[in-house]
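I have placed the structure first, in the form of structure tokens, so that the comments after it can refer back to it.
The values are calculated or read from the model by the stated rules, or taken from the named source; none is laboratory data. Quick caveat, the model's predicted, so the values are computed rather than measured. Glycine gets a Cβ as well: all are built from the backbone with ideal geometry, and neighbour counts include every protein chain shown.
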Amino acid sequence: MPFLQTSLKLKVRFSLHVFFFILMMVSALVSCSRSADRNPEGPSTGVPLSALKLAPSADCDDLAQYVEAALIERYTMKAPPACTDCPLPLVPLGGDGAIAANTVLPEDVTRTNTQEEGVDEADLVEADSAGRLYIVNGGFLAIEKGFPPQQLAELSRLKLDTSAGGLYLDEARRRVVIFGRRFLPVQAQTADVSAAMPIAPLSYDEMIFVDVADPSQPRITQRLLIEGFQIDHRRIETRIHLVSRFRMPEPEALMKDNNFSDLVNRYRDAVWNGTGRAEEAERIEQLKEAIRQTIRKAMTETDVRTLLPRASRQIGGTEAAVALLSCRDVLLPEVKEDLGLLIVTSVDTDGSNLSATALINNAWLTYADKEHLYVAQLSSGWWWDSNQPPQTALYKFGISEEKPAYLAAGRIDGWIGSRFHLSEQEGFLRVVSTEDRIDPETKRLERKNHLFVLEENPSGELQVAGSVLGFAPGEQVTGARFLGDRGYVVTFRQVDPLFAFDLSDPRQPKRMGELTIPGFSTYLHPLGPNHLLTIGLESGDIQLQIFDVADPARPALLHKYLPAGGGRFGWSQATFDPHAFTFYAPRNLLAIPLVVWDPPSGTSFSGVAAFRVSVTEGFTELGRVDQADLAFQVYCTNIPPDQPWIADECKEGRFLGGAAPTRSVMMASGPDTFLYSLSNVGVKATPIDQPASVLGSVLLPDPGYGWWMGVAAAAKPSVPKQPPDRETIFLH
């Protein structure tokens, strides 16, 4: 069914949700602004772990009872909850895939920089062993002949009809899986003049499965659409594991009740503005009971299966509903959470063998190794009590070729800032958290950091086996990395230390040493067994560092380098996106995107910088690959006559804003290493030790956006198809 034929029922169903969603966002801002007032009585025990553990729904009636209780909790609380839905970025093969006998191949290519070995992460570019580059840029997949670099050229481009966020390359099976997202915009939905509330856009995660056996003619074999929006995903061999969120809609009967929102508003107004008189308390209880009865009546008229996310599969011009979840596939905690549904979906790289597990949960952070996947949820997402202490619930799943399986739940104090703050080794989960609490005596906000080691017990609980509590008081964790039996944490506020931990005995972790230096690291990369290579910031400048951690009790800074080179503004995507950090260990070569912005002085630069890294000699900058000429070609040629101002902007050099550097790939052949630098406008191939000597370049498909609106001519995306109407399918 086309998106433009969205049913009136679907529109009405989402209206009230959006109304309260807006209230939630306002409440979230208020909650953040008065965080110092939270938990004024000091630490409390919080919700017990037993109430956070999950159990599958016995049947649809069981799920409906939970939804009813959660709705009553939501609408009878004193104020709307914080926004739990808001987060706290070539040589063709023959028909049989054989490589031609006269093909020149690189000896080695760099792959996506991942957290765990054997656990692939989606990236904007992947390289195969033949030297081909698979790149997603805006709404296109571009496949480039990358080797030899003098023959850099586009083999094919495939229009995706969606905006792509990343891809996986299954080279052995000659498949590419692309992740995108579709939205049904408000204006595409049928208008209802009687509706007094805003209309919610619908969001779908889209997986596009592409056959690249012939890279000159890639072919979309199917599309899988799942209602919701992705949090993260991983590929382990032939299996992709997607973690996504879905906001369960309120029952349609509740949406049609024109008096319900007024009833809730009158209740909350009475709660907030009451004077405490007995007659007011009675009136509040009457309103509360009326809300309960309205919700209960609505649920009796609702098939709870219609509240679950829809999914569909498109093959050619045919679209069919997919049986994604049944009521029994939804795991429920005892505590009544806001009705976010977290879905773990597993599928093969050819789109087959689909399975999913869901849980009532409002998590935003995931971590995975080759056997297990963890999701982390902050306490504000699971509990309505304003005195709930800052804690994080952790849920462990087994991932394999079968359906994702829930294994255990745990709870720690504080919140987790990044997936790099978690790591599993030999059955033990290591976690770094930051805890903010109000001191009951001074009434001041205090911050401290913890390291926990958790172990699954036979009761399905992640118990704390060991911990190091309260280190770096007042500091914010900016970077962390667990490498074997060691853990490293960087904090920042006043003294900016690096901490080293010994985790060889997981039940007795020890803080071994501390090094205090200016600046801080945001990403830590192993440089052999005894050294760390890091990137971060110092006084606003990009900073590269090498640390000696052979003796964890005495970590030492060996080398520091500030590559930005001055200017009014400098930054690198690699400071916050490890996929932009390309380190080729066999030759100790590093490449990072780099932007220096200072038009008045003429020193602006937007491209990729290359370095040789040595524990004895430090950093040697080999040079920089500038994308300015490609940006000029895209934005400053063929200027429309009615837009002469663009020429003036180009003379000032502001077109450089369109040459946003994103990634780099290295390919080795004999003694030579070639650097392929990518921006959102093109690719350049250069010798890494002579990056100014361009061997080849190619423009990428226009992503449809530039640094100023309307300059780049973007192909209008076709109107996507809508998965089957929620009223017409039940997912069993």
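General remarks:
- Each residue in region 619-664 was checked for being in a loop (DSSP other than H, G, I, E, B) and under 22 Å from His579 (Cβ atoms), and 3 of them qualify.
- The set of residues in region 165-185 being of a type outside the set (Gly, Ala, Ser), at pLDDT 95 or above, in a strand (DSSP E or B) and surrounded by fewer than 22 Cβ atoms within 10 Å (Cβ to Cβ) consists of Asp170, Arg175, Phe179.
- When Glu401, Glu435 are checked against the criterion of being at negative phi, modelled with pLDDT under 95, surrounded by 15 or more Cβ atoms within 10 Å (Cβ to Cβ) and charged (D, E, K, R), Glu435 stands alone in meeting it.
- From the list Leu378, Leu339, Leu394, the one residue that fits, being modelled with pLDDT of 95 or more and hydrophobic (A, V, I, L, M, F, W, C), is Leu394.
Okay, residues lined up against (1) over 19 Å from Tyr523 (Cβ atoms); (2) among the aromatic types (Phe, Trp, Tyr); (3) buried (at least 23 other Cβ atoms within 10 Å of the Cβ):
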site	(1), (2), (3)
Ser459	yes, no, no
Ser467	yes, no, no
Gln476	no, no, no
Ala480	no, no, yes
Arg486	no, no, no
Phe492	no, yes, no
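- Residues that are among the charged types (D, E, K, R) and crowded, with 19+ Cβ neighbours inside 10 Å, drawn from region 210-225: Arg223
- In the set (1) part of a loop (DSSP other than H, G, I, E, B); (2) at pLDDT 65 or above; (3) aliphatic (A, V, I, L, M); (4) touching a helix residue (DSSP H, G or I) at 6+ places or on another chain (Cβ under 6 Å), Ala82 fails one condition alone, (2).
- Residue in region 675-693 that is modelled with pLDDT of 50 or more, small (Gly, Ala, Ser) and farther than 25 Å from Pro593 by Cα present: no
- Considering each residue of region 191-199 in turn, none proves to be farther than 17 Å from Ala172 by Cα, at pLDDT 95 or above and either surrounded by 15 or more Cβ atoms within 10 Å (Cβ to Cβ) or not charged (D, E, K, R) (or both).
- For Ser606, the conditions (1) at pLDDT 95 or above; (2) in a strand (DSSP E or B) are fulfilled apart from (1).
- Whichever residue in region 226-258 is closer than 21 Å to Ser352 by Cβ and either hydrophobic (A, V, I, L, M, F, W, C) or in contact with a helix residue (DSSP H, G or I) (Cβ under 8 Å, 6 or more places away or on another chain) (or both) and, among such residues, is surrounded by the fewest Cβ atoms within 10 Å (Cβ to Cβ): Thr238
- Qualifying positions in region 298-342 - in a strand (DSSP E or B) and farther than 30 Å from Pro48 by Cα: Ala311, Ser312, Arg313, Gln314, Ile315, Thr318, Glu319, Ala320, Ala321
- Residues that are closer than 22 Å to Leu429 by Cβ and assigned to a loop (DSSP other than H, G, I, E, B) within region 343-366 comprise Asn361, Asn362, Ala363, Trp364, listed in sequence order.
- Residue match in region 396-404 (condition: closer than 28 Å to Glu435 by Cα and in contact with a Gly (Cβ under 7 Å, 6 or more places away or on another chain)): no
- If you filter region 347-362 down to residues that are over 15 Å from Lys396 (Cα atoms) and of a type in the set (Ser, Thr, Tyr), you find that the one that is surrounded by the most Cβ atoms within 10 Å (Cβ to Cβ) is Thr349.
- Residue count for region 447-503, restricted to those that are closer than 28 Å to Pro48 by Cα and of a type in the set (Gly, Ala, Ser): 8
- Residues of region 270-298 classified as loosely packed, with under 11 Cβ neighbours inside 10 Å and over 41 Å from the mean Cα position of the chain (by Cα), total: 6
- When residues of region 146-161 are limited to those that are surrounded by 21 or more Cβ atoms within 10 Å (Cβ to Cβ), over 30 Å from the mean Cα position of the chain (by Cα) and not aliphatic (A, V, I, L, M), the one nearest to Leu695 (Cα to Cα): Pro149
- Screening the candidates Phe520, Phe499, Phe482 for the property of being modelled with pLDDT under 95 and under 19 Å from His421 (Cα atoms) yields one hit, Phe520.
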